Amino acid sequence: MGSEMCIRDRTKPVSLKINSFKCMFHPMKLKKACGADAEGNLKRDDFGVDYAKAFGFNMDVKLRISVEGFKSN
């Protein structure tokens, strides 16, 4: 899934891989809910966040995103 991320006024494309997506009846909310887990990678210095790069710090960041949603009435 292609998306864009904006950090420090720099917008770059970021690819997210959906690892799981499921919809089911939520037993506490008593209505249908959907959830997903996704992951992706980015480089901090692509967004101007390059503190300590000169000292060999890794600029790679792994994103892990979990979401849950309900349909609004």
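For the reader, a short list of remarks on this structure follows.
- Label of the coordinate-derived value, percent of Cα pairs over 21 Å apart, listed as (i) 45; (ii) 13; (iii) 25: (i)
- A 1.4 Å probe run over the protein chains yields, for the chain, 83 Å² of accessible area per residue, whole-number rounding.
- Hits among lysines - C-alpha to C-alpha of LYS12 under 24 Å, sequence gap 8 or more where chains match: LYS43, LYS53, LYS62
- By accessible area, using a 1.4 Å probe on protein heavy atoms only, the chain has 54% of its surface on carbon and sulfur.
- Modelled FRET efficiency - R0 22 Å, VAL49 with LYS17, Cβ distances, 0.05 increments: 0.45
- Probe 1.4 Å - accessible area at SER20, Å² to nearest ten: 50 Å²
- Once backbone amide H atoms are built at 1.01 Å from N, HIS26 has LYS31, LYS32, ALA33 as its partners under 5 Å, excluding neighbours fewer than 5 places away on the same chain.
- On full extension, the segment bounded by MET24 and MET59 gains 8.8 nm, given 0.36 nm per residue less the C-alpha separation.
The values are calculated or read from the model by the stated rules, or taken from the named source; none is laboratory data. Model, not experiment: these values are computed from the prediction. Don't worry about glycine lacking a Cβ; one is built from the backbone with ideal geometry, like all the others, and counts go over all protein chains shown. For the accessible areas, the whole protein counts, side chains as well, though only heavy atoms, and no ligand, DNA or RNA atoms are used. Shrake-Rupley method; radii C 1.70, N 1.55, O 1.52, S 1.80 Å.
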